[in-house]
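Trainee: Just passing along the structure, written as structure tokens.
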Amino acid sequence: MRADFIFEKTTKVFAFLSVAIVSLMGFLLLMESWPSIQQSGFLFLIKKVWDPVIHDYGALPFVYGTLVSSGLALIMAIPLSLGVAIFLSELAPYYLRRPIAFLVELLAAIPSVIYGLWGLFYLVPLLREKVEPFFIDRFGFLPFFEGPPYGIGMLPAAILLAIMIIPIISSISRDVMQAVPQHQREAALALGATRWETTRVAVLRYGKSGIFGAIFLGLGRALGETMAVTMVIGNRPDISLSLFAPSHTMASVIANEFAEASSDLYLSALAEIGLVLFLVTFLVNMIARLLVMKTAKPFAAV
Amino acid sequence: MKIKIEKLNAWFGKNQALKNVSLAIPVNTVLAVIGPSGCGKSTLVRCLNRMHETIGSAKWEGKIVLDEESIADFDPVTLRRRVGMIFQRPNPFPTMSILENVTAGLRLNGMRNKKELESIAEISLKKAALWEEVKEKLHQPGVSLSGGQQQRLCIARALAVDPEVLLMDEPCSSLDPISTTHIEELIHELREHYTIVIVTHNMQQAARVSDDTAFLYMGDLVEHGATKKLFTNPKEKRTEEYITGRFG
């Protein structure tokens, strides 16, 4: 009895500790960013200028950079990840499923600084010498391909993010697809559906919300990813439509400028960016979990 | 003969589920397949629309002929449009309305005309004796219906693609007695136009609904013949023991 009492209380403390840590983190960020919030209020989020020298702080370039790099990453990662998930859950022969799933999930275990190094040493030169000149040459009239081929910039950041979120999206959406009951597939097959139609009608439709959840979890990861992005994005607080222009994200500006923030207001402005990022990722992850939970038990059994 | 099965053998991995089964099913008759759990009765019907082979380690050998054509030469997709199937548990698509469920097969075939789809849905729901109960709520989800209604919805869904043969794999095993009666009455009406193979655990049901009965035991076809004869005067001792409830 006594042992159980201690057991229950200790685990309870641990459980509440994690809740306390998250709340404390949010509270401290709010405290730290208070001076900046008082200074510029909501304008902070929509102001384009970031000039610490004259104490003018606007977060829009970072919000823009974070949203665009994550959005581009999703555009690249979603078809790839769903392809991987569909192959592993529906088509691959059984002896291939485990090894491939394992290798794909291993992608998530690579430290992000390694991705950054790979980006810097391989991807950026490739983009600078081959890919970007090609696009500038042929499609330079479009605003998305304007400017000189720096190599570093929005494009490599988005590509790295895409590679980094593929394992999350593919492994969770594979789990979701495997949770689709076999009788749903058989219902479609028995009507004369092809394999693709069965996947579309029985599997993807049934697991839709869970797959959206997987995508949101990937988005959550992309929004907060710091190291790899900081290494290749170019770190310039400009808003440019061009994929080739150096840019900045909320996470990368904090990592980059925190050490050199020379005044209290500067620090406070960075903390406020952190607060915004904290809230956004919190929200995105919450939506994601709710969606995944919804497919785990979506429809009442007979 | 609608279907002829000759020397059918089927396996799951190394496990043989059917051994040298041969039998024939005349047009527009009901064949009941009975036998204890694990005797291969589900496997037998799942071979007839080549659903058996969709499971990873499963394979089959032998000859199954549908209207003089070997089903091994069919594209499984085409075959399954001629040989519809009803499953043990009602499995309507939960994301679709009643109407969408019934027309799912037609829409897979590429039919887009709304009027045509709706009229076929009405005919199929009437054939499945469900129309009166659902005509006011065709746009509600299929899973909002009761279990028995869902099973009739699945029958309507199978009928909508205009099959010639209906396979029913224990269609009443998850239903209450009243729904079971509904389905059995339905089978009586459907036999006029369709050749039906029904797997059942319930011997009274087999006796009530079928013209012929096949008794399977451990993968062997022990006895096959007219239902009346098989139940009143079985040739084999094992059949007699099973139908009198001494094992199984």
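Trainee: By a straight-distance test (C-alpha under 28 Å), which lysines pair with B:LYS4 as possible cross-link partners, with residues fewer than eight away in the same chain excluded?
Mentor: By straight Cα distance, B:LYS4 reaches B:LYS14, B:LYS19, B:LYS41, B:LYS59, B:LYS63, B:LYS127, B:LYS228, B:LYS229, B:LYS235, B:LYS237.
Trainee: Given all pairs of different Cα atoms, what value in angstroms does the Kirkwood hydrodynamic radius of the stretch A:1-94 take?
Mentor: About 18.5 Å, per the Kirkwood formula over Cα pairs.
Trainee: Mind checking the mean number of beta-carbon atoms from other chains within 10 Å of the Cβ atoms in A:154-163?
Mentor: Taking the mean over all residues of the peptide, I get 0.
Trainee: Right, another one. Of the beta bridges DSSP finds with both residues in the protein assembly as shown, what % are antiparallel, to the nearest 5?
Mentor: In the protein assembly as shown, approximately 60 percent of DSSP beta bridges are antiparallel ones.
Trainee: Of all DSSP beta bridges in the stretch B:151-248, what percent run antiparallel (nearest 5)?
Mentor: Details: 6 of 11 bridges.
Bridges in the stretch B:151-248 are about 55 percent antiparallel.
Trainee: Right, here's the next one. Restrict the search to the stretch B:61-91; then list the GluC sites (Glu not before Pro) that DSSP places in a loop and that have at most 15 other Cβ atoms within 10 Å of their Cβ.
Mentor: Values: sites: B:GLU61, B:GLU68, B:GLU69; in loops: B:GLU68.
When the GluC sites (Glu not before Pro) of the stretch B:61-91 are filtered for loop state and at most 15 Cβ neighbours within 10 Å, B:GLU68 remain.
Trainee: Can I ask one more? Above 22 angstrom, tally the Cα pairs of chain B and express them as a % of all pairs, no decimals.
Mentor: 53 percent
Trainee: While we're looking at this one, here's another question. So how long is each side of the protein assembly as shown along the principal axes, counting just the alpha-carbon atoms, biggest first, in Å?
Mentor: 102, 73, 51
Trainee: What helices does chain B hold that run 18 Å or longer along their axis, going by alpha-carbon atoms, with a Kyte-Doolittle average of -1.0 or more, using DSSP H for the helix calls?
Mentor: Values: long enough: B:114-127 (20 Å, -0.66); B:147-160 (20 Å, -0.02); B:177-190 (19 Å, 0.03).
Membrane-span-like by this criterion, though nothing is claimed about a membrane: B:114-127, B:147-160, B:177-190.
Trainee: Among the GluC sites (Glu not before Pro) within the stretch B:103-146, which fall in a DSSP loop and have no more than 10 other Cβ atoms within 10 Å of their own Cβ?
Mentor: B:GLU136
Trainee: DSSP H helices in chain A with Cα extent of 27 Å or more along the helix axis and mean Kyte-Doolittle hydropathy at least 1.0? Before the final figure, lay out each step's value.
Mentor: Details: long enough: A:2-40 (55 Å, 0.77); A:60-86 (38 Å, 1.86); A:154-178 (35 Å, 1.64); A:264-296 (47 Å, 1.63).
Once both thresholds are applied, what remains is A:60-86, A:154-178, A:264-296.
Trainee: Now for a separate question. Stretch A:ARG236-A:THR194 to full length: gain in nm at 0.36 nm per residue minus the Cα-Cα span?
Mentor: In short, 10.1 nm is gained.
Trainee: Something else now. Given 4 °C and 1.567 mPa s, compute D for the stretch A:2-296 with the Stokes-Einstein relation, Rh being the Kirkwood radius over Cα pairs; round to the nearest whole µm²/s. Could the numbers behind the result be given before it?
Mentor: On the way: Rh = 21.4 Å.
For the chosen part, D equals 61 µm²/s.
Trainee: Something else about it: Could you tell me which trypsin sites (Lys or Arg not before Pro) in the stretch B:19-94 are loop residues by DSSP with no more than 12 other beta carbons within 10 angstrom of their beta carbon?
Mentor: Answer in residue order: no site qualifies.
Trainee: Report the Cα-based extents of the stretch B:89-168 along its three principal axes, largest first, to the nearest Å.
Mentor: 29, 28, 22
Trainee: At 222 nm, what helix-only mean residue ellipticity would chain B give, in deg cm²/dmol to the nearest 500, using -39500 (n - 2.57) for each DSSP H run of four or more?
Mentor: One gets -10000 deg cm²/dmol as the mean residue ellipticity at 222 nm.
Quick note: the coordinates plus some simple rules give every number you see, no bench work behind them. Just so we're clear, the structure is a prediction, and the values are computed from it rather than from any experiment. All Cβ positions, glycine included, derive from the backbone under ideal geometry; neighbour counts span all protein chains shown.
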